[in-house]
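Asker: The structure's right below; bear with me while I get my questions together.
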Amino acid sequence: MPRDARSSMLPRQWQGIFNTASFYGRPYRVYVPYGYRPATPLPLLVMLHGCSQSAGDFAVSTAMNALADTYGCLVVYPEQLSAANGRRCWNWFRAEHQERGNGEPAEIVGIVDEVKERYRVDPNRVYVAGLSAGGAMAVILGATYPDVFAAIGVCSGVAYKASTHLPGSLLVMARGVSDVTRHGYAAYVAMGDYRRVMPVIVFHGTHDHIVHPRNGDQVLDQWHYTNNLVQQYVQQSQSVQPVPEISTRRVPGGLLYTEHLYRDSTGKVLMCKYMVEGMQHCWPGGAANGSYTDPRGPRASQMLLDFFLTHTLEPAISVPSRPRQRPAPDTGSPRAQPGMLQRLGNRLSRLLRR
């Protein structure tokens, strides 16, 4: 049975309206929550499905629409075409889809702009989250459009520019990247004149045999490195806690998970990671009748919204063309990398496009 037909037969758990639309041939669905009033601007959440899923399937699996009724959010689900990828994966592993203004990232932001025109959206509270290939694309969007997305959520994803071709993507999924700092710096370069500290929430199962759990660690490590660079050279008023607060919890009647929290200088949680013990390649706490979900895990959808809605898009920052201070010698710490920032940035950008 086709997935679209399957998802349409599953019981609805929401009260709002689930509209279908298209952006230059790219299908997407928009959930308008119950009680929506055009006079009131609402947060917008972009949800990116995983391989072999559809927008409708992902909506049912994550149960995000029902939460949108409670939280008062608009939710948009861009959909990948089988013509663009045979398994309907987002093409996160191709260089042409890893830059601002190009490929799928530009199309997704185009959908966001169209939703903003049709509905009343708070431009300072736009967020993106995804599963697997969708999680990898969420990372790309955080790096390339930090002026659009106030925070990102990544479930079973990979670091920015973890691979630029299909064979390399399979290696990354199996074992992670070899140098997280390289990808952290690449994300810093990709942010360009819109550099800012990016709030990030990560979920990954310890028994994920499709995307190795090491990738979950590396997504957080990559953003920790990127955010430290932003804090060092641009946004000096907001520091990133160097060591996380770690605690272990168990879902009642469900799985154990470990929480890693990184706070900023005010005590606000800026980055967090949840490693779910025994979970495979799944959305934690999703619907039992969905695809790629494990209902025994923590409720990722609710945790995403709780995290996202504490963050708003900060005003644009004037980014210096050169670092404000001479970088320290390279000692391997997050603050030690780059020297001669603009020249190295251009060189690294050329290297990563090969």
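Nothing in this text is a laboratory measurement; each read-out follows from the coordinates by a stated rule. Treat the numbers as computed from the prediction; the structure is a model and nothing was measured. Please note: Cβ atoms are built from the backbone with ideal geometry, for glycine as well, and neighbour counts cover all protein chains shown.
Asker: Show the residues, 5+ positions off or on another chain, whose built amide H is closer than 5 Å to the amide H of residue 23.
Answerer: For residue 23, whose amide H was placed from the backbone, the distant partners under 5 Å are 28.
Asker: Would you mind counting up the charge near residue 28? Only other residues with Cβ under 9 Å from its Cβ, with Lys and Arg at +1 and Asp and Glu at -1. List each step's numbers first, then the result.
Answerer: Numbers: positive: 26, 29; negative: 79, 114.
Once positives and negatives cancel, what remains is 0.
Asker: Right, another one. State the Cα centre-to-centre distance between the stretch 218-247 and the stretch 255-309 in whole Å.
Answerer: Going from one Cα centre to the other spans 20 Å.
Asker: Give me the distance in nm between label points sitting 7 Å out from Cα along the Cα-to-Cβ direction at residue 175 and residue 266, one decimal.
Answerer: 4.3 nm
Asker: What ranking of 223, 14 emerges when the number of other C-beta atoms within 10 Å of each C-beta is taken as an exposure proxy, fewest first?
Answerer: Details: 223 31, 14 20.
Least to most surrounded, the residues fall as 14, 223.
Asker: Taking other Cβ within 10 Å of each residue's Cβ, how do 28, 77 sort, fewest first? Intermediate values should be presented prior to the final figure.
Answerer: Details: 28 21, 77 28.
Sorted ascending by nearby Cβ count, the order is 28, 77.
Asker: Right, here's the next one. List the residues, sorted by chain then number, that are 5 or more residues from residue 283 or on another chain and whose placed amide H is less than 5 Å from its amide H.
Answerer: When sequence neighbours closer than 5 places are left aside, the close amide H contacts are 293, 294.
Asker: Using a 10 Å cut-off on Cβ atoms, rank the peptides 90-102, 290-302 from the highest mean neighbour count down. Please list the in-between numbers first.
Answerer: Numbers: 90-102: 19.5, 290-302: 21.2.
In descending order of packing, they fall as 290-302, 90-102.
Asker: 5 Å is the cut-off here: which amide hydrogens, built 1.01 Å from N in the peptide plane, fall below it relative to residue 48, excluding neighbours closer than 5 in sequence?
Answerer: Here the answer is 129, 130, 131, since their amide H atoms fall under 5 Å of that of residue 48.
Asker: Once phi is turned into θ = phi - 60°, what whole-Hz ³J(HN,Hα) does the Karplus curve with 6.51, -1.76 and 1.60 give for every residue of the stretch 106-119, x standing for Gly and Pro?
Answerer: 5, 5, 5, 5, x, 5, 4, 5, 5, 5, 4, 6, 8, 10
Asker: Short version: ³J(HN,Hα) in whole Hz for each residue of the stretch 41-50, in order, from phi by Karplus 6.51 cos²θ - 1.76 cosθ + 1.60 (θ = phi - 60°), x for Gly and Pro, what are they?
Answerer: Result, ordered by residue: x, 10, x, 10, 10, 9, 10, 10, 5, x Hz.
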